[in-house]
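Note sheet for the following structure.
Just so you know, all these numbers are worked out from the coordinates, no wet-lab data involved. Computed from a prediction, not measured in an experiment: that's the story for all the values here. Using ideal geometry, Cβ is built from the backbone for each residue, glycine included, and neighbour counts are taken over all protein chains shown.
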Amino acid sequence: MEEIYANVDDDNSSKPIQHSKASQNQSGSRRFHGAVVLCLVLLSVFLLIGLISLGVHYHNSVCGEDDKLSTIKTNLTELLQASQKKLSSMTEERNKLKTNLSEMTEERNGLKTNLTEMTEENNNLQSLLEQKTTCPDGWTKLCSSCYFLSTESGSWTTGREDCRTRGADLVVIHSSEEQIFLSAFTNTKTWIGLNDRDREETWKWVDGTPLTVTYWGSNEPNNGKVIIELGEEDCVEISGGQSSKWNDISCESSLRWICEKPAQP
Ligand code: MMA
Ligand code: CA
């Protein structure tokens, strides 16, 4: 280097003004080399800076991803643990409910048995009570009712009024046993407690109970409409005797009547 500079000095001192073409070329190429070196150095510096920043960026992004992943992992683990806890508590609850259900089923079956036994007991007591009930003189007992057949005859209303003075009402029929019993009880046409005076063809028992079984004769009730018009028939008679049936007849007809009242203990 000293030689180079020495040469430069030498050249400058020996020929300060007059520069040869060759020396001009030499200094130009030196400057060019210097600039290239400088450029290379600067390029290296830039590259280095670039590499470092890339490295930092890469490091940051990878570490960031790691953080995110580990957060997700933690969250999922927590979620899983919570779910497992919930599942086990629900399983426990379900088992408890199952136990309760089987206990309650057992209890229900026990109660059912009790109910059956008590119903039977109640029926026995009822029939005992019924056996203990009685009817006044002149009245006939069937199950828990007392029946009275009048000796007199009169209209349906007369019959009903008489029954009422006896603490009873015209008879109401709700079973075949009762129908059979009453057929044997009277051997003549007799009033029973049924009429459609309020509304044609709407038959009502005197006690307000609904019409369940009926024992109408054939073509009855006909409201008196045969070949000739017999007139309005709104009250009911039982024919009496074997295969006794019901017939609607004028309420003013004169018949005997059957009263009914509950048997008393
Ligand atoms: C006939 C029949 C009945 C009617 C009575 C009236 C004997 O039976 O037509 O439906 O009620 O007559 O007496
Ligand atoms: Ca009739």
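In the list Glu121, Glu178, Glu103, which residue meets the criterion of being in contact with a Cys (Cβ under 9 Å, 6 or more places away or on another chain) and either more than 16 Å from Val206 (Cα to Cα) or touching a residue at least 12 places away in the same chain (Cβ under 8 Å) (or both)? Break it down stepwise before answering.
Details: Glu121 fails: in contact with a Cys (Cβ under 9 Å, 6 or more places away or on another chain); Glu103 fails: in contact with a Cys (Cβ under 9 Å, 6 or more places away or on another chain).
Selected residue: Glu178, the only one of Glu121, Glu178, Glu103 that is in contact with a Cys (Cβ under 9 Å, 6 or more places away or on another chain) and either more than 16 Å from Val206 (Cα to Cα) or touching a residue at least 12 places away in the same chain (Cβ under 8 Å) (or both).
Any residue in the range 242-265 that is away from ligand 2 (no atom under 15 Å from the Cβ) sitting within a Cβ distance under 7 Å of a residue that is among the basic types (Lys, Arg) and assigned to a strand (DSSP E or B)? List the pairs, counting only those 6 or more apart or interchain.
Ala263/Lys141
Filter the range 239-264 down to residues that are over 15 Å from Gly159 (Cβ atoms) and touching an Asp or Glu at 6+ places or on another chain (Cβ under 9 Å) and give me whichever is farthest from ligand 1 (Cβ to nearest atom). Please lay out each step first, then the result.
Initial filter on the range 239-264 (over 15 Å from Gly159 (Cβ atoms)): 239, 241-248, 262-264.
Next cut, touching an Asp or Glu at 6+ places or on another chain (Cβ under 9 Å) only: 245-248, 263.
Values: Lys245: 10, Trp246: 10, Asn247: 5, Asp248: 6, Ala263: 33 Å.
Ranking the qualifying residues of the range 239-264, first place goes to Ala263.
Filter the range 148-157 down to the residues that are buried (at least 18 other Cβ atoms within 10 Å of the Cβ) and in a helix (DSSP H, G or I) and list them by number. Steps first, please.
To start, the set of residues in the range 148-157 that are buried (at least 18 other Cβ atoms within 10 Å of the Cβ) comprises 148-150, 154, 156.
Passing the criteria: only Trp156.
If you go through the range 226-238 one residue at a time, how many are more than 7 Å from ligand 1 (Cβ to nearest atom) and either on the phi > 0 side of the Ramachandran plot or exposed (fewer than 13 other Cβ atoms within 10 Å of the Cβ) (or both)? Give the derivation first.
Looking only at the range 226-238, we keep the residues that are more than 7 Å from ligand 1 (Cβ to nearest atom), and these are 227-229, 231-232, 234-238.
This time we only want the ones that are either on the phi > 0 side of the Ramachandran plot or exposed (fewer than 13 other Cβ atoms within 10 Å of the Cβ) (or both), so: 227-229, 231.
Matching residues across the range 226-238 total 4.
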